[in-house]
2 protein chains.
Amino acid sequence: MELPRVLEQLWGIEGPARPGPKPTFQLSDIGAAAVELADAGGLAAVSMSKVAAALGFTTMSLYRYVDSKDDLYTVMLEYAFGDAPALPGDTWRERIVAWSEAFRDALRAHPWILQVPITDPPLSPRQLSWLEAGLLAFHDTPLGATEKLSAMLLLNVYVRGVFQMTVHQFTETPEESAAATQRYTDRLRLLATEDRFPAIAGGLRQPEDFDVDFDADGFADGLETVLDGIQARIDKKQR
Amino acid sequence: MELPRVLEQLWGIEGPARPGPKPTFQLSDIGAAAVELADAGGLAAVSMSKVAAALGFTTMSLYRYVDSKDDLYTVMLEYAFGDAPALPGDTWRERIVAWSEAFRDALRAHPWILQVPITDPPLSPRQLSWLEAGLLAFHDTPLGATEKLSAMLLLNVYVRGVFQMTVHQFTETPEESAAATQRYTDRLRLLATEDRFPAIAGGLRQPEDFDVDFDADGFADGLETVLDGIQARIDKKQR
DNA sequence: GCACACTGTGTGCGCCATACGCAGACCATA
DNA sequence: TATGGTCTGCGTATGGCGCACACAGTGTGC
């Protein structure tokens, strides 16, 4: 059972002492530098050479630490997410709400996370610890392991999906963001005419309805829908 | 109100007749060629030069038709999705199940869709027609326009999220896919030990439980959860 | 003390998106 | 029918990217 090098490093699995010079950096240095670049300029601002330059390194030296750009992404995600949050609350609903809000906050702090191409299922420590925390939140429900996992998948994609629609609020100035929303609504009004798309046009008719921007309330309301679905599954199980 | 050129073209908004040579291609030719490349080799196989070469064109000529790579993606999505599906059924649940399965089938046919970076909210004809079809499926519910939109967002991200987990089944051979699943389970077993991650480890203990691969049943079961949540919202509204 | 694995580096390859300028094709108008 | 202006398609070029590879120096375990 051999693990990719980046996973061994992230998990702190050390091989025996080796000859040769001591490494100058740690993965955490690289992760911090890359995250800083991404926070400032989006994921596109992260390249092997830019990260290396930020560390006072040459490009190729980075490959002594990560085997590929994908591995760099793995490291970045690991350091962008903090440790899994504590989930206080007496009911699974309270705990899961806390989990979802913590996840949303992590995305707010590092909006580029949504741009990281997803290749493999999660195996790094913090990714798993977030999953673990979520699964534990269901401990007093009758859900089976697969059902809990399925619920976590649903929560994960819900938070990501909603955040995707509001991400411009965190990457642009308020003026730009408002202008983008206005432009989108205008275009929608122009193209989604009453005869071709009555449902969309109908939604656009009420000024305050059809709010394409989800604010905090929109997040909470949609989350309630998801939680109600999970509740229904719990009820079925208990019946 | 000026529209990006690619949208004008996709919507068939023609300007006045213009001097100069007739264009050799149509956007549909470019879309078809790019989709073919992506179907065969994933989104990474799509580059401006490869698409141009597939059409017997030079690279730069493509820029006479699309202003940027992002626009090419827009065109690709437009031609990868067929027209919005007919949604038979007497209840909103039946219709929405049909919508979700049609969406999943579209992703199956073109798994690279998940790799397309999402920049702007949808404005192209077929994207809107899929949204319209979904909104119409709720016509006999008491949901408001924003609630319907929120429900469609939820369905959209659910289907995408579940498909993400099973996408390797459609991009790899069955042997590769099985090997990948086995490798992932092994690694998870190695790293998620009983003391650190009891919930994950507990799920791994039951052999058939914790099925990381969602098959057709997994898709339907999770969808039921989502629909139950929407149902709960409808019930609240009617009460 | 010594072999050798490992570190950081320089060079360079092939690919990418795309800016720019040019020659010729074609339509609207005179 | 002549002509002006504009659009098409193309060639060239630029700056960036990820990464392969060979090399020199370094420090550990034997």
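Only the coordinates and a few stated rules stand behind these numbers; no lab work does. Just so we're clear, the structure is a prediction, and the values are computed from it rather than from any experiment. Because the Cβ atoms are built from the backbone with ideal geometry, glycine has one as well, and the counts that use them run over all protein chains shown.
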message: List residues of the stretch A:160-179, by number, whose backbone nitrogen lies under 18 Å from a label position 7 Å along Cα→C-beta of residue A:217.
response: A:166
- prompt: How big is the Cα convex hull of the stretch B:129-232 in projection, averaged over all directions, in nm²?
  reply: 8.9 nm²
Where rotation carries A onto B, the chain A residue whose Cβ is nearest that axis, in whole Å: A:229, 1
task: Would you kindly work out, in nm and rounded to one decimal, the distances from the label point of residue A:61 to those of the same position in each other copy, ordered shortest first, with label points 7 Å along Cα-to-Cβ?
output: 4.8
message: Just to confirm the numbers: residue A:142, label point 7 angstrom along the Cα-Cβ line, distances to the other copies in nm, shortest first?
response: 2.9
statement: Per-residue average of other protein chain Cβ atoms inside 10 Å, peptide B:151-157 -> 5
task: Evaluate peptide A:193-204: per residue, the Cβ atoms of other protein chains within 10 Å of its Cβ; return the mean as an integer.
output: 4
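What FRET efficiency comes out for residue B:101 versus residue A:29 if R0 is 60 angstrom and r is the Cβ-Cβ distance? Round to the nearest 0.05.
On the way: r = 48 Å, r/R0 = 0.79.
E(calc), rounded to 0.05, equals 0.80.
Rounded to the nearest 500 deg cm²/dmol, what is the calculated helix-only ellipticity per residue at 222 nm for chain A, with -39500 (n - 2.57) per DSSP H run of length n ≥ 4?
Details: 11 runs with 146 residues, N = 239.
Rounded to the nearest 500, the figure is -19500 deg cm²/dmol.
When you count, for each residue, the other Cβ atoms within 10 Å and take the mean per peptide, how do B:84-97, A:93-106, B:126-139 rank with the highest first? Kindly include the intermediate steps, with their values, before the conclusion.
Working: B:84-97: 15.6, A:93-106: 18.5, B:126-139: 20.1.
Ranking, from highest mean packing down: B:126-139, A:93-106, B:84-97.
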task: Show me B:191-197, B:217-223 ranked by packing, highest mean number of other Cβ atoms within 10 Å first.
output: B:217-223, B:191-197
query: What per residue convex hull volume, in Å³, do the alpha-carbon atoms of the protein assembly as shown yield?
result: 183 Å³
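Output the DSSP H helices from chain A with an along-axis C-alpha extent of no less than 15 Å and a mean Kyte-Doolittle hydropathy no less than -0.5. Intermediate values should be presented prior to the final figure.
Numbers: long enough: A:27-41 (21 Å, 0.88); A:69-80 (16 Å, -0.18); A:92-109 (25 Å, -0.48); A:125-137 (18 Å, 0.28); A:145-166 (32 Å, 0.69); A:174-191 (26 Å, -0.88); A:216-238 (32 Å, -0.42).
Helices meeting the criterion: A:27-41, A:69-80, A:92-109, A:125-137, A:145-166, A:216-238.
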- prompt: Computed FRET efficiency, Cβ-Cβ of residue B:238 and residue A:235, R0 22 Å: what is it to the nearest 0.05?
  reply: 0.75
query: Where in the stretch B:100-127 is the amide nitrogen less than 20 Å from a point lying 7 Å along the Cα-to-Cβ axis of residue B:171?
result: B:103-119
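Return one quarter of the surface area of the convex hull spanned by the alpha-carbon atoms of chain B, equal to its mean projected area, in nm². Don't skip to the answer; put the middle values down first.
Details: hull surface 72.3 nm².
Hull-based average projected area comes out at 18.1 nm².
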task: Return the whole-Å distance between the Cα centroid of the stretch A:51-74 and the Cα centroid of the stretch B:82-116.
output: 41 Å
- prompt: For residue B:221, which inter-copy label distances result when the label point lies 7 Å beyond Cα on the Cα-to-Cβ vector, reported in nm to one decimal and in ascending order?
  reply: 3.2
message: Run the simple label-point estimate for residue B:190 and residue A:60 please: 7 Å along Cα→C-beta, distance reported in nm.
response: 3.0 nm
statement: Expected integer from the mean partner chain Cβ neighbour count at 10 Å over B:224-235 is 6
